[in-house]
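Chemist: My questions will all concern the structure given below.
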Amino acid sequence: FVSLGSSGMSMFFIFSGFILTYHYKNGITDYTQYAFNRLTRIYPSYVLAALLALPWLISSLDHYPSGQAIRYVFILFTNIFMLQAWVPQMFAFWNDHGSWSLSVEIFLYALLPFLLRFFQKLSMKQLYISLALLYVGAVLPGMSWILFEQYTTHLVYYSTPIYRLP
């Protein structure tokens with residue numbers, strides 16, 4: 001059970017998507033208010049956690065003798081704008097190992113209004129076809145990792161936001 005605990009993140013994204021879709025089933029009329037509501041739910045605690053983890057940023061970069069400054073800037077930039085999940089090789093630094101899911105969440109929050117509008121226009125037949133395509137899209141990354149494990153790390157498929165979309 002513990003070794004499969006990471007599948008809980010997938011369940012979280014599925015349940016969260018279901019709840020948000022149900023809540024906004026009539027569409028999102030004020031995108032600015034929607035974005036503000038979504039961002040204020042997670043960003044303040046995210047910043048606090050990042051500040052508390054700041055000493056680990058310094059210690060995680062200590063064993064890299066050259067290019068320290070550019071690494072700090074890159075890590076800070078991707079974390080401030082919640083883009084760290086797009087760079088899975090950064091998981092060893094600072095709070096990325098624990099905050100990648102918020103980066104995915106922000107990506108999905110940004111797409112939800114557009115996806116809702118798109119799917120609301122589809123017929124039932126088109127929705128079923130879309131569901132089948134999304135299922136295949138969700139299965140392909142895992143299958144490719146099983147078939148070609150030696151060529152990439154599982155973090156690419158596990159944490160990169162685009163692979164969480166289906």
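Chemist: For 118, 12, 91, 107, give the ranking by accessible area with the largest first, probe 1.4 Å.
Modeler: On the way: 118 110, 12 85, 91 20, 107 40 Å².
I get 118, 12, 107, 91, largest accessible area first.
Chemist: Rounded if a/c is under 1.5, else prolate if a/b is larger than b/c, else oblate: which is the stretch 120-161, with a ≥ b ≥ c the root eigenvalues of its Cα gyration tensor?
Modeler: Working: a/c = 6.40, a/b = 2.69, b/c = 2.38.
Cα axes put the stretch 120-161 in the prolate bin.
Chemist: Nearest 10 degrees is fine. How inclined is helix 124-147 to the longest principal axis of the chain, computing both from alpha carbons?
Modeler: 30 degrees
Chemist: Ok, one more. Kindly provide the helix-only [θ] at 222 nm of the chain, computed as the sum of -39,500 (n - 2.57) over DSSP H runs of four or more divided by all residues, to the nearest 500 deg cm²/dmol? Could the numbers behind the result be given before it?
Modeler: Details: 8 runs with 119 residues, N = 166.
After summing the helix terms and dividing by residue count, I get -23500 deg cm²/dmol.
Chemist: Moving on. Can you give the convex hull volume per residue for the Cα atoms of the stretch 63-166, as a whole number of Å³? Could the numbers behind the result be given before it?
Modeler: Numbers: hull volume 10.9 nm³, N = 104.
Taking the convex hull of the Cα positions in the stretch 63-166, it is 105 Å³ per residue.
Chemist: Tell me, what % of the accessible area of the chain is carbon and sulfur with a 1.4 angstrom probe? Mind showing how you got there, number by number?
Modeler: On the way: 8100 of 11130 Å².
Heavy-atom surface of the chain belonging to carbon and sulfur, 1.4 Å probe: 73 percent.
Chemist: Using the Cα gyration tensor of the stretch 4-49, with a ≥ b ≥ c the square roots of its eigenvalues, what is the shape: rounded (a/c below 1.5), prolate (a/b larger than b/c) or oblate (neither)? Each step should come with its number before you reach the end.
Modeler: Working: a/c = 4.65, a/b = 1.20, b/c = 3.86.
Verdict is oblate for the stretch 4-49.
Chemist: If you roll a 1.4 Å probe over the heavy atoms of the protein chains, what accessible area per residue do you get for the chain, in Å²?
Modeler: Details: 11130 Å² over 166 residues.
I get 67 Å² per residue for this part.
Chemist: How far is helix 96-120 tilted, in degrees, relative to the longest principal axis of the Cα atoms in the chain, given as a value from 0 to 90 rounded to the nearest 10?
Modeler: Taking the Cα atoms of the chain, the angle to 96-120 is about 20 degrees.
The values are calculated or read from the model by the stated rules, or taken from the named source; none is laboratory data. Remember, it's a predicted structure, so these values are computed and weren't measured experimentally. SASA here: full protein model, heavy atoms, side chains in, ligands and nucleic acids out. Shrake-Rupley method; radii C 1.70, N 1.55, O 1.52, S 1.80 Å.
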